[in-house]
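Just so it is clear, none of the values below were taken in a lab; they were calculated from the coordinates. Predicted model only: the values in this text are computed from it and were never measured. Neighbour counts are summed over all protein chains in view; Cβ atoms, including those assigned to glycine, are modelled from backbone coordinates with ideal geometry.
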Amino acid sequence: MKASIYFNYTSRSLLRGGQRTILAIFCVAVGVMAIVSLQLVGQMINSAFTSNIRDANGGDIAVTSQTPFKSSDLSFFANLKSNGTITSYTPTISGNASTGLAASVTQSFTLEAVDPTTFPVVTPPSFKTPADGSISSLLKNDQVVVDQNLVDQYNKKVGDTLTVHASTSSGTGGVTLQVKIVGIVKNTGVFAQSNDFMLISHDDYQAADPKLPLLYDSIYVTTVDKAHTDQAAKAIADHFPIANTVTADQALKNNQAQVDFIKKFLEIAGLLALLIGGVGIVNTMQVLLSRRRIEIAMLKTTGYRRFDLYLLFGLEAGLLGLVGGLVGAAAAIGVSYLVRNIVQQVFPIIIPFFLDPVII
């Protein structure tokens, strides 16, 4: 038989199948869509957690503590810098804040007081507005920098002023700040896993209540190489035994464990969807073949060999799979975007959206 006969016969058979052909294509598309979309989301999650881990960790070493660091504790880090163990460090103060005295949890955001001259110790953040903005030039005179989510939540824009009520690291009372939004940063680099946050300088934060001592809950450190990182981490852990000292390598391992957990969840969901789609495909193909027994008998009568019949119906199944696969892969792009948004809501993470041509 000529190749054209195979393709003409199978294509006409699929067209004659009508709704049954559409159902078969739909079942294939659902299975492909489920697998491809979840693999795309898994790749996005992997990238969000494991790419540029040094920036995401805030430095080569991130030191946090439930018992805040005092200003006098910073002398230890200054000594480490002077003897060459570390290259730089920056302390930060984080707390919940809102624009109302009795705001709910959903209306609160993170206020982070930083030293504009040293923060961040890793790659400087990218600004949406102004495009050439920098932390050191903007954080002064009660000016603050925020992310896009906070601007959208409170319907604000660059140049607007607002009253912020923030908790303190000491856990007693709070401070009230009159601030002006002067910049919007992107959720990348050091802010890759940050959401709904506001940055203010240490000086402006303390000016709201001069009697309030500066108590730092995080200190970020950079070093020259891994050997110095390990040396510094050990020295910090020995000096502050109750603090949590996390290196970039340790953060990568922790993040990878979270990625593996989420990926397993997505794989199970994908396999369930594939199972449902597979059952539909099998049932549809059985119906298609059972309705064509007379057609098969006529083909045998006219001289078609068993090999020819296998080839005809195999090509027909292949065309169904090809069309269904293309439809499913196209639909997976949109579904992956929706699944990504759902995962971001279930897990408190920010996932950048991108497509992997290899997976598609």
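For the reader, a short list of remarks on this structure follows.
- Overall, region 61-222 carries a charge dipole of about 100 debye about its Cα centre when +1 sits on the Cβ of Lys and Arg and -1 on the Cβ of Asp and Glu, all other atoms neutral.
- Those trypsin sites (Lys or Arg not before Pro) in region 28-94 that DSSP places in a loop and that have at most 15 other beta carbons within 10 Å: Lys70
- The trypsin sites (Lys or Arg not before Pro) of region 139-239 meeting both criteria, a DSSP state outside H, G, I, E and B (loop) and at most 14 other C-beta atoms within 10 angstrom of the site's C-beta, are Lys140, Lys157, Lys186, Lys211.
- Neighbour-count order for Arg20, Arg293, Arg340, fewest beta carbons within 10 angstrom listed first: Arg293, Arg20, Arg340
- Rounded to the nearest 0.05, the FRET efficiency derived from the C-beta distance between Asn83 and Gln206 at R0 = 22 Å is 0.15.
- Region 61-222 - Rg over Rh from alpha carbon coordinates, Kirkwood radius: 0.95
- Residue among Gly189, Gly314, Gly270 with the largest mean-square fluctuation in a Gaussian network model of the chain, springs linking Cα atoms under 10 Å: Gly314
- 0 to 90° range, to nearest 10: angle between helix 226-239 axis and the chain longest Cα axis: 50 degrees
- C-alpha long axis of helix 306-346 to longest principal axis of the chain, angle in °: 20 degrees
- Cα-centre dipole for the chain with unit charges at Cβ (Lys and Arg positive, Asp and Glu negative), debye to 20: 2280 debye
- Cβ-derived FRET efficiency at R0 22 Å, Lys156 paired with Thr176, nearest 0.05: 0.80
- Nearest 10 degrees, 0 to 90: helix 3-17 Cα axis against the chain principal axis: 80 degrees
- Per-residue ellipticity at 222 nm from helix content only, as computed over the chain with -39500 (n - 2.57) for each DSSP H run of at least four residues, stands at -17000 deg cm²/dmol.
- Too-long pairs where the Cα-Cα distance tops 31 Å, listed order kept, from Lys70/Lys226; Lys186/Lys211; Lys81/Lys263; Lys180/Lys234; Lys70/Lys180; Lys156/Lys253: Lys186/Lys211; Lys81/Lys263; Lys180/Lys234; Lys156/Lys253
- Contour minus Cα-Cα distance for Ser126 and Asn244 (0.36 nm per residue): 39.7 nm
- Taking the charge dipole of region 61-222 about its Cα centre, with +1 at Lys and Arg Cβ atoms and -1 at Asp and Glu Cβ atoms, the residue from Gln153, Pro91, Gly189 reaching farthest to the positive side is Gly189.
- Chymotrypsin sites (Phe, Trp or Tyr not before Pro) restricted to DSSP loop in region 188-230 with at most 11 other C-beta within 10 Å: none
- Label-to-label distance, nm, for residues given as Asn283 and Ser71 (7 Å Cα→Cβ offset): 7.3 nm
- Nonlocal amide H pairs with Ser88, under 5 Å, H built at 1.01 Å: Thr222
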